[in-house]
Amino acid sequence: MVVAALGILKSGGAYLPLDPTYPRSRLAFILDDSEVPVLMAGDCVKDRLPPAERPTRLLAERGRVVHSPFLPQRWGTAATIDPKNLAYVIYTSGSTGRPKGVEITHESHANLVRWHQQAFEVTPADRASQVARVGFDAAVWEVWPYLAAGASLHIPEEETVGDPERLRDWLVAEAITISFAPTPMAERLLTLPWPAKTALRTMLTGGDTLHGYPRTGLPFQLVNNYGPTECTVVATSCPVFANGSTDRLPPIGRPILNTQVYILDEAGKQVPVGRTGELHIGGAGLGRGYRNRPELTAERFVANPFDGSSRLFKTGDLARMLPDGQIAFMGRGDEQVKVRGFRVEPNEVAAALNEHPAVAQSVVVAHEFSAGDKRLIGYFVAALRSKTTPAELREFLGKRLPDFMVPAAFVKLETLPLTAHGKVDRAALPAPDDTNVLRDAIFTAPHTNVERRVAGILARLLEVERVDVEDNFISLGGHSLLGAQLVARLRDAFGIDVALRVVFDAQTVAALSSEVERLLSAKSAENGGNPG
């Protein structure tokens, strides 16, 4: 169980959840930036908090609840709460490296609670789980709709939260009826066997891209949700059903209660159905802005061009409207990468990779090996009792994606690293190298002197330890720039000119070596049997 330290903000009695596992420097920044006047903590975490010039009140001491009042007398004994007062502030990562505090009002929070209770028919008999870390806004969603309905809240041990099988067993044993799981964890839970009879009727997920559909026969309904912290946790939602089609990712649904969603182009105009644009969100869930950041607030919370009296939040996320009115999430506007001159959405590659029966979940990122040499790397967690090889994965993806979208290498992990907010932590993925890149079980070594020299040239060019005679230049990350370099190195090594077109036609060491040998023989014949 994670014990929260709470900062009490003067405007409306808002709370600020602090995750005590954060670095002390980050906690110190949040406390100073938010200007909280009072800090509350259990004695088990107080020593992990940074020193601060503010009153600190213990909520629990030696495992026992402290019943003394925590508010200073000068604050009085009661406060009048207006719907536009702050309810809570949660800090999220900032693109500049400086965390930013998102301010959410009581009316925005109440709209979330009201929608959730109606959509999922919450009653006092419900047993809900709380698995998100307190610094993640999903924890707001996990707690208040249930407590406000008189339902019970159940919190697993932290070791259980990070283990899919243990979490499943805990959900079943505790007779949990509604549960939230961050997307990467939900994807793992969906692959596990479940007892036919379980109290769980709804599994909520969100926080990252959902890459697949649930299989038939699961005893609960999966609901996919989307929403930035700035829009009070959830902005769109929809149930996701078993689907034999794999032509697209699961949608993120339709707007929730009192929420408006617009998909706009760069000129601020709505795009047609099926076209991609930036997702903008308005309505009752819209936050007040960023704490003490008026410039950033003005940049991201903009005037609604369709209603001059309201605002929209610029999410930075790409989306398109589907013909049935649901929204397809197309990734971050800044996540698209250019590989070999082509624009690639890594989530699309990951979705295809997840279709392989030996892959439980995956993430695809672009890794820059050197200036201008950017290659896709596929990180994956294997399905239970499944094995695969890079050759199998490349062949599988090659039937679904153009060659420039097939990862140059694959790294097998026990689990995907997650941020404190439950998203895949791309920054924590290990750099691909000879110690972790998945290799084919059978290595076919070069047979001839020419094959050995060509393989050595390719290995140095591609910065890999060795190259199989059947390894594909394109699949290993080859592109036009590297192809030109390969032509130059072959010229230096053999004194022949291999056309760039040939490099991309004869993509394996074996095929390229055959072409080199053909050119050497032709040159020798021209010189009367003298290869020089």
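Between beta-carbons, use under 11 Å as the cut-off and find the net charge around residue 410, counting Lys and Arg +1, Asp and Glu -1. Don't skip to the end; give the middle numbers.
On the way: positive: 394, 412, 439; negative: 392, 440.
Summing Lys/Arg as +1 and Asp/Glu as -1 gives +1.
Which shape class applies to region 97-155: rounded if a/c is under 1.5, otherwise prolate when a/b exceeds b/c and oblate if not, where a ≥ b ≥ c are the square roots of the Cα gyration tensor eigenvalues? Don't jump to the answer; show the numbers that get you there.
Numbers: a/c = 3.08, a/b = 1.55, b/c = 1.99.
Oblate is the answer for region 97-155, as a/c is 1.5 or above yet b/c matches or exceeds a/b.
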- Item | Neighbourhood net charge (10 Å Cβ-Cβ; Lys/Arg +1, Asp/Glu -1) for residue 511 | -3
- Looking at the square roots a ≥ b ≥ c of the eigenvalues of the Cα gyration tensor of region 411-462, which shape do they give, rounded for a/c under 1.5, prolate if a/b is larger than b/c, or oblate? prolate
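Please work out whether region 117-244 counts as rounded, prolate or oblate from its C-alpha gyration tensor, where a ≥ b ≥ c are the square roots of the eigenvalues and a/c under 1.5 means rounded, while otherwise a/b larger than b/c means prolate and anything else oblate?
Working: a/c = 1.31, a/b = 1.11, b/c = 1.18.
Rounded, since a/c falls under 1.5.
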- Query: Hey, could you pull the Cα Rg and Dmax for region 372-438, both in Å?
  - Reply: 13.0, 38
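Accessible area per residue, 1.4 Å probe, Å², for region 252-324: what's the number?
On the way: 3660 Å² over 73 residues.
With the other protein chains kept in place, region 252-324 gives 50 Å² per residue.
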- Task: Taking a cut-off of 13 Å between Cα atoms, list the aspartates and glutamates near residue 374, but don't count ones fewer than 8 places away on the same chain.
- Result: 463
- Long-range amide H partners of residue 211 with built H, under 5 Å: none
- Taking the Cα centre of region 405-471 as the origin, how large is its charge dipole in debye, to the nearest 20, when only Lys and Arg (+1) and Asp and Glu (-1) carry charge on their Cβ atoms? 140 debye
- Note on the structure: Net charge (Lys, Arg +1; Asp, Glu -1) of residues whose beta-carbon lies under 10 Å from that of residue 131, residue 131 excluded, is -1
- Just the ratio, please: alpha-carbon radius of gyration of region 268-334 over 2.2 N^0.38 Å, N its number of residues. 1.19
- Each residue of region 184-190 in order: what ³J(HN,Hα) in whole Hz does its phi give by Karplus 6.51 cos²θ - 1.76 cosθ + 1.60, θ = phi - 60°, with x for Gly and Pro? x, 6, 4, 4, 6, 4, 5
- Query: Distance from the Cα centre of region 25-44 to that of region 138-153, in angstrom?
  - Reply: 24 Å
- Message: Longer than 21 Å from Cα to Cα, which of 84/423; 197/423; 269/314 are they? Say none if no pair is.
- Response: 84/423; 197/423
- Heavy-atom accessible area of region 188-275 with neighbours in place, 1.4 angstrom probe: carbon+sulfur share in percent works out to 50 percent
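The values are calculated or read from the model by the stated rules, or taken from the named source; none is laboratory data. Everything quoted here is computed from the prediction, not taken from an experiment. Cβ atoms come from the backbone with ideal geometry, glycine included; neighbour counts cover every protein chain shown. The protein model used for the area step is the full one, side chains on, heavy atoms only, and it has no ligands, DNA or RNA in it. Shrake-Rupley method; radii C 1.70, N 1.55, O 1.52, S 1.80 Å.
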